[in-house]
Structures are given as C-alpha cells and as structure tokens.
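Participant: My questions all concern the structure below.
The values are calculated or read from the model by the stated rules, or taken from the named source; none is laboratory data. This is a predicted model, so every value here is computed, not measured. Here the Cβ positions follow ideal geometry from the backbone for every residue, glycine too, while neighbour counts run over all protein chains shown.
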Amino acid sequence: MHSISAIIPAYNEAENVGKAVENAVTALEKITSDYEVIVVDDGSRDNTADVVKSLMPRYPKLRLVRNQPNRGYGGALRRGFEEAGKELILFAPADNQFDLEETPKLIALIDEGADIASGYRAERNDPLIRRLNAFGWNTTIRLLFGFLSRDIDCGFKVFKREILERVPLYSTGAMIDTELLAGAKARGYVIKDTAVKHLPRTAGKPTGANPRVILRAFRDLFRFRLRLNAELAQEKRQHGE
C-alpha cells in the first residue's frame with residue numbers, strides 16, 4: 001500500500017476548492033489510509049483559505065499552507081512538494097477539471113515501473129486559444145528535449161517523492177512540469193502516461209492563458225535547456241565520468 005501526499009495548488013479558487021478537497025479525500029480513502037491533502041493557497045485575494053480552514057475539522061488529514069505573496073503555479077507546487085511527507089506525490093489543480101477517482105490509473109503505472117505517471121487529456125475542455133498555445137508549447141519542448149509525455153502540462157500527475165532529491169526545480173510558472181519531466185528523464189527516471197478525463201471548468205477564472213505568463217514560460221524554457229546541460233555536465237564531473 002502506497003502512502004500519498006496530494007498537492008492542490010489554489011489561486012482565487014474559493015468557488016472550487018471545497019469540492020476539490022472533498023473529491024481528493026474521497027478518492028484517496030479508496031486507495032490508502034496513509035495519505036495527506038495539502039492545499040497551497042498561493043496568495044489568493046478571495047476567501048480560498050477560509051474555505052479550506054472550514055473543512056479542516058471534518059478532514060483531519062487536510063493541511064493548508066499559504067504563499068504570501070503569490071508565487072505563481074510553479075511556486076505553489078514547489079511549496080507543496082516541500083511540505084509533502086509521503087512516498088508518492090499526487091498533484092492536481094483546484095479547478096476540478098480532473099477526476100481524482102482516476103488516480104488508480106496513475107498509480108498502476110508506478111506499480112508497472114514508472115517513476116512519474118502523467119495524465120494526458122483525452123479530450124481537452126479548454127478554449128481554442130489555450131489549445132493552440134498548448135500545441136505550440138508541446139512542439140517546442142519536443143524539439144528541445146525529445147518526447148517526454150503526450151501532454152506535458154496536464155496538471156494531473158503522480159510521482160515518487162525521491163525524485164526531488166535529484167531533480168532541482170526552480171520555476172515559479174508554467175515551466176514546472178517541463179523541469180520535472182525533462183530533469184527526471186535526463187537522469188534516467190521512467191515516465192509513463194495514460195489518458196484521463198478533462199472536465200469543463202464550472203466556476204472561477206483560469207489564469208494560464210495570460211500572454212505575459214506564456215511569454216515568460218517560453219523565455220524560461222530556453223534558459224532551462226541551458227541550465228539542464230550545465231547541471232548534467234557538473235553531475236558527470238562529480239561522478240568522475
């Protein structure tokens with residue numbers, strides 16, 4: 001039986017985060033008794049944190065951590081990873097666009113030898129502009145790093161916590177998934193993916209299509225390619241290769 005830390009990054013998700021917590025607890029209770037749910041309130045300006053606090057008496061394995069000020073999606077995930085104490089780390093956003101009842105599909109890939117199990121959206125429920133951005137992003141990443149996953153930025157993943165000991169993460173934005181997957185692949189870790197449902201957002205507003213966020217992500221992508229080369233070269237020197 002695996003132990004699992006579920007990380008839920010949330011920014012201005014007061015309308016969604018309560019359901020996200022309930023769905024996570026319901027799904028994890030069916031898998032293991034050794035779990036924790038960590039909501040990272042990333043400097044929300046609404047009452048996201050208050051909603052989570054109101055649920056904590058009902059769910060003793062629920063924790064709230066807060067970033068002040070906002071650190072971005074990558075910064076929220078990194079904070080959650082720092083707080084996680086279980087064998088496996090699951091992460092999914094607070095917007096309820098993923099069905100955490102599908103978590104066993106990802107864990108099955110871990111049991112089959114994967115170090116990272118990544119979902120890919122079988123049918124993406126996003127506006128056209130977000131789908132076009134995703135196509136360009138995924139294409140660029142494959143040119144720079146080769147094939148990592150069918151859907152790099154799918155926000156529903158499970159991975160072995162031990163990976164964090166060897167794969168440094170720096171991104172505060174959309175680069176975080178690429179840092180994790182490319183850094184892991186370059187160090188010999190196994191990545192497998194599987195189709196997951198992608199549900200329409202029913203409340204709140206997405207932030208990922210902000211042009212400034214997108215431009216920063218592409219800038220950081222090329223910087224990361226250079227940094228990864230340097231990291232790998234240093235690791236080889238340290239091991240005398």
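Participant: Going residue by residue through segment 103-114, is there one that turns out to be under 25 Å from Thr48 (Cα atoms) and either within 18 Å of the chain's Cα centre (by Cα) or in contact (Cβ under 8 Å) with a residue 60 or more places away in the chain (or both)?
Facilitator: Yes, segment 103-114 contains at least one residue that is under 25 Å from Thr48 (Cα atoms) and either within 18 Å of the chain's Cα centre (by Cα) or in contact (Cβ under 8 Å) with a residue 60 or more places away in the chain (or both).
Participant: Please specify each residue of segment 60-83 satisfying the condition of being touching a Ser or Thr at 6+ places or on another chain (Cβ under 7 Å) and buried (at least 21 other Cβ atoms within 10 Å of the Cβ).
Facilitator: Gly72, Gly74, Gly75 - these are the residues of segment 60-83 that are touching a Ser or Thr at 6+ places or on another chain (Cβ under 7 Å) and buried (at least 21 other Cβ atoms within 10 Å of the Cβ).
Participant: Among all residue pairs at least 6 apart or on different chains, which show Cβ distances below 9 Å where the first residue, located in segment 56-77, is farther than 25 Å from Lys157 by Cβ and the second is in a loop (DSSP other than H, G, I, E, B)?
Facilitator: Cβ pairs passing all conditions: Gln68/Gly43; Pro69/Gly43.
Participant: Still on this structure, please answer the following. Is it the case that Thr32 is under 26 Å from Leu169 (Cα atoms), β-branched (Val, Ile, Thr), touching a residue at least 24 places away in the same chain (Cβ under 8 Å) and not in a strand (DSSP E or B)?
Facilitator: So Thr32 does not fit the description; no.
Participant: Here are Lys197, Lys192, Lys185, Lys160: which of them is over 16 Å from Arg223 (Cβ atoms) and either under 14 Å from the mean Cα position of the chain (by Cα) or not basic (Lys, Arg) (or both)?
Facilitator: Selected residue: Lys160, the only one of Lys197, Lys192, Lys185, Lys160 that is over 16 Å from Arg223 (Cβ atoms) and either under 14 Å from the mean Cα position of the chain (by Cα) or not basic (Lys, Arg) (or both).
Results for (1) under 25 Å from Glu87 (Cβ atoms); (2) surrounded by 15 or more Cβ atoms within 10 Å (Cβ to Cβ); (3) of a type outside the set (Ser, Thr, Tyr), shown as yes or no for each residue.
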| site | (1), (2), (3) |
| --- | --- |
| Ala134 | no, yes, yes |
| Trp137 | no, yes, yes |
| Ile141 | no, yes, yes |
| Ser149 | yes, yes, no |
| Cys154 | yes, yes, yes |
| Phe159 | yes, yes, yes |
| Glu162 | yes, no, yes |
| Pro168 | yes, no, yes |
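Participant: Looking at Gly72, Gly113, Gly85, which one is modelled with pLDDT under 95, of a type outside the set (Asp, Glu) and under 24 Å from Arg166 (Cα atoms)?
Facilitator: Matching residue, one of Gly72, Gly113, Gly85: Gly72.
Participant: Further, regarding this structure: Which of the residues spanning segment 50-101 are in a helix (DSSP H, G or I) and in contact with a Lys or Arg (Cβ under 6 Å, 6 or more places away or on another chain)?
Facilitator: Within segment 50-101, no residue meets the criteria.
Participant: Just checking, how many residues over segment 110-132 are surrounded by 14 or more Cβ atoms within 10 Å (Cβ to Cβ), under 14 Å from Thr194 (Cβ atoms) and not hydroxyl-bearing (Ser, Thr, Tyr)?
Facilitator: Qualifying residue count for the region: 6.
Participant: Let me ask something else. Taking the options Thr172, Thr178, Thr202, name whichever one is under 23 Å from Arg131 (Cβ atoms) and part of a loop (DSSP other than H, G, I, E, B).
Facilitator: Testing whether each residue is under 23 Å from Arg131 (Cβ atoms) and part of a loop (DSSP other than H, G, I, E, B) leaves just Thr202.
Participant: Let me ask something else. Would you mention how many residues in segment 118-168 are in a loop (DSSP other than H, G, I, E, B), within 19 Å of Arg201 (Cβ to Cβ) and among the polar types (S, T, N, Q)?
Facilitator: 1
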